Amino acid sequence: MFNGVAGVDGFPPGIGYIDYLMPGIIVITGVGGALGSGIGLVDDLNNGVIGRLRALPISMISVLVARSLADLAGTAVQMLLLTAFGVAVFGFDPAGGIAGQAATTLLALFVSWSLTWIFLALAAWQRNAAFMQSLGFMAMFPLMFASSFFVPITTMPTWLQLVATANPLTHALDTARNLAFGHPTGSTIWAALGTSLVLLTIGMATAALVIRRAR
């Protein structure tokens with residue numbers, strides 16, 4: 001089935017579909033991990049954990065940094081397990097080798113960390129797990145389907161190509177694949193890193209401001 005999909009015009013030649021799909025799965029795993037971090041903060045806020053930490057001589061931003069890094073470590077483990085599963089069960093064999101897959105994972109983790117801060121800011125603002133889940137899924141699925149996650153942009157209708165090209169997730173997905181394949185990343189890596197850095201800066205500043213006001 002995978003090989004049949006990869007035979008469609010527009011797919012990179014000589015690359016199986018599982019090799020095409022796995023780097024994207026790693027990136028999407030990072031997005032899911034970021035959402036989970038926000039939901040975890042909602043639980044901490046509503047259960048009084050953050051309130052008790054306020055009594056200690058520590059800054060609230062350090063609490064958020066600790067949570068974000070702890071959750072990122074858990075996401076990294078998930079990525080490694082998924083990669084191992086893909087290799088063992090589906091024959092995932094990226095041309096870039098271990099170095100390429102390591103670079104893919106590092107990129108996905110940076111994207112995940114930047115989105116984590118956006119979700120942490122939203123969590124501190126809303127303190128509603130249902131809202132976080134709804135928002136996350138409402139954002140994730142359109143971004144995923146209107147991107148190069150499942151198929152290359154060149155195989156899409158013209159109008160969808162325009163949407164996918166403007167989708168910031170596409171830059172992360174294409175960069176992750178190029179790293180895994182051992183191909184030049186071109187400008188996509190700068191677009192992916194730049195977008196992530198902007199989100200990280202905005203999310204961290206907003207989360208630090210909102211968490212101080214949260215009670």
**Study point:** Of THR116, THR154, THR185, the one that fluctuates the most in a GNM where the chain has Cα springs shorter than 10 Å
**Key:** THR154
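At 0.36 nm per residue, and after removing the present C-alpha to C-alpha distance, how many nm does the segment from ALA55 to LEU106 gain when stretched out fully?
Stretched out fully, the ALA55 to LEU106 stretch lengthens by 14.8 nm.
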Study note, to complete from the structure: FRET efficiency (PHE145, ILE15; Cβ distance; R0 25 Å; to 0.05) is 0.75
Practice item. Please get the size of the charge dipole for the chain, origin at its Cα centre, with Cβ charges of +1 on Lys and Arg and -1 on Asp and Glu, quoted in debye to the nearest 20. Key: 940 debye
**Study point:** Protection proxy ranking of 52-58, 174-180 - average other beta-carbon atoms within 10 Å, highest first
**Key:** 174-180, 52-58
Practice item. Express the relative contact order of the chain as a whole percentage, based on alpha carbon pairs under 8 Å and six or more residues apart in sequence. Key: 32 percent
Review point. Going by alpha carbons, how many degrees (0 to 90, nearest 10) lie between the helix axis of 17-46 and the longest principal axis of the chain?
Key: 10 degrees
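Every number here is computed from the coordinates shown, using simple stated rules; none is lab data. Everything numeric here is computed off the predicted structure, so don't read it as measured data. Don't worry about glycine lacking a Cβ; one is built from the backbone with ideal geometry, like all the others, and counts go over all protein chains shown.
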